[in-house]
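A.B. asks: Before I ask anything, here is the structure I am working with.
The values are calculated or read from the model by the stated rules, or taken from the named source; none is laboratory data. Here the structure is a predicted model, which means the values were calculated and not measured. Cβ placement follows ideal geometry from the backbone for every residue including glycine, while neighbour counts extend to all protein chains displayed. The accessibility values were calculated without ligands, DNA or RNA, using every heavy atom of the protein model including side chains. Shrake-Rupley method; radii C 1.70, N 1.55, O 1.52, S 1.80 Å.
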Amino acid sequence: MSVHKNIRRVTTNTLHEMKRNGVRIAMLTAYDYSMARLLDRSEIDILLVGDSASNVMAGHETTLPITLDQMIYHAQSVVRAVERALVVVDMPFGSYQGNSRLALESAIRIMKESGAHAVKLEGGEEIQESIKRILTAGIPVMGHLGLTPQSIYKFGTYVVRAKEDAEADKLKQDALLLQESGCFALVLEKIPASLAEEVSRSLAIPTIGIGAGAGTDGQVLVSHDMLGINHEFHPRFLRRYANLHEIIDSAVKQYIVDVKSGNFPSSNEQY
Ligand code: KIV
């Protein structure tokens, strides 16, 4: 536990040390200054500026529409708030696939314009060239395997991935390849718990799971889901730690009643 306590800033080295010492890693998403500040002060290890901002912040159905400029805007807001956590930024759809030069350019823009500490890319062998080129610039890369939402139109649904042997074997190979390519950590999304545990044990770099069971080296959730701001999404893997939807709803309803009745503001709440 001593690895985790008293650290001033979480770095990729801290995460490796945590894995070596069996200290689990906690990661949450953040897209804006106010939430990032709260999560950072609570001592979250990693803040992911996820492309789930496309759903959570902008109301899109998928993560595909969010742009590089929009990701940089969210990342800038998060970085301004953070004193301790490692800030990882998702590279959005279209900013790295099939073109490693574009990938490097996009990653450099994210790092230079936002001040973030690392980038995350979805995929295995097919994006290895992009990952390697980004790493040549000294930019830390987090991988992401299993359910990769930027490929939703290839998968067709958001169901659990790699249940069949062929896909599980490919995922194991990709995990090793990402480690060998130089990724500092790996997100494993929505795959069987036994597979996630096997992969996690086989790697020296930490794995962070979402819907991948308890055998990974850390966990990640979308903050708005785990805080119950978004109450319409309830997959099996999601644990809600608060019900902010109800708290906000009742606060806003009370405010409306107070405004309409003339109860707010009182004589103490005016100049
Ligand atoms: O964009 C995101 O929020 C993510 C996490 C679910 C891992 O990639």
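A.B. asks: Mind checking which pairs have a first residue in segment 113-142 that is assigned by TED's automatic domain parsing to the domain that holds Ala36 and a second that is aromatic (Phe, Trp, Tyr), Cβ under 8 Å, 6 or more apart or different chains?
C.D. replies: Ala118/Phe184; Leu121/Tyr96; Ile127/Tyr96; Ser130/Tyr96; Ile134/Tyr96; Pro140/Phe184; Val141/Phe184; Met142/Phe184
A.B. asks: List the residue pairs whose Cβ atoms are under 9 Å apart, where the first residue sits in segment 77-96 and is on the phi > 0 side of the Ramachandran plot, the second is within 14 Å of the ligand (Cβ to nearest atom) and of a type in the set (A, V, I, L, M), and the two are 6 or more positions apart or on different chains.
C.D. replies: What qualifies is Gly94/Leu64.
A.B. asks: Could you tell me which numbered condition Leu47 fails, if it satisfies all but one of (1) open to solvent by 60 Å² or more (accessible area, probe 1.4 Å); (2) touching a strand residue (DSSP E or B) at 6+ places or on another chain (Cβ under 8 Å); (3) not aromatic (Phe, Trp, Tyr)?
C.D. replies: (1)
A.B. asks: Related question: (1) closer than 26 Å to Phe233 by Cβ; (2) at pLDDT below 95; (3) of a type outside the set (Val, Ile, Thr): which one isn't true of Met1, the others all being true?
C.D. replies: (1)
A.B. asks: Here's another thing I want to ask about it. Would you point out the residue of segment 124-137, among those that are open to solvent by 20 Å² or more (accessible area, probe 1.4 Å) and touching a Leu at 6+ places or on another chain (Cβ under 9 Å), that is farthest from the ligand (Cβ to nearest atom)?
C.D. replies: Thr136
A.B. asks: Additional query: Does Ala53 satisfy the criteria of being in the same structural domain as Asp217 (by TED's automatic domain parsing), open to solvent by 10 Å² or more (accessible area, probe 1.4 Å) and without any contact (Cβ under 8 Å) to a residue 40 or more places away in the chain?
C.D. replies: Here the answer is no, as Ala53 does not meet what is asked.
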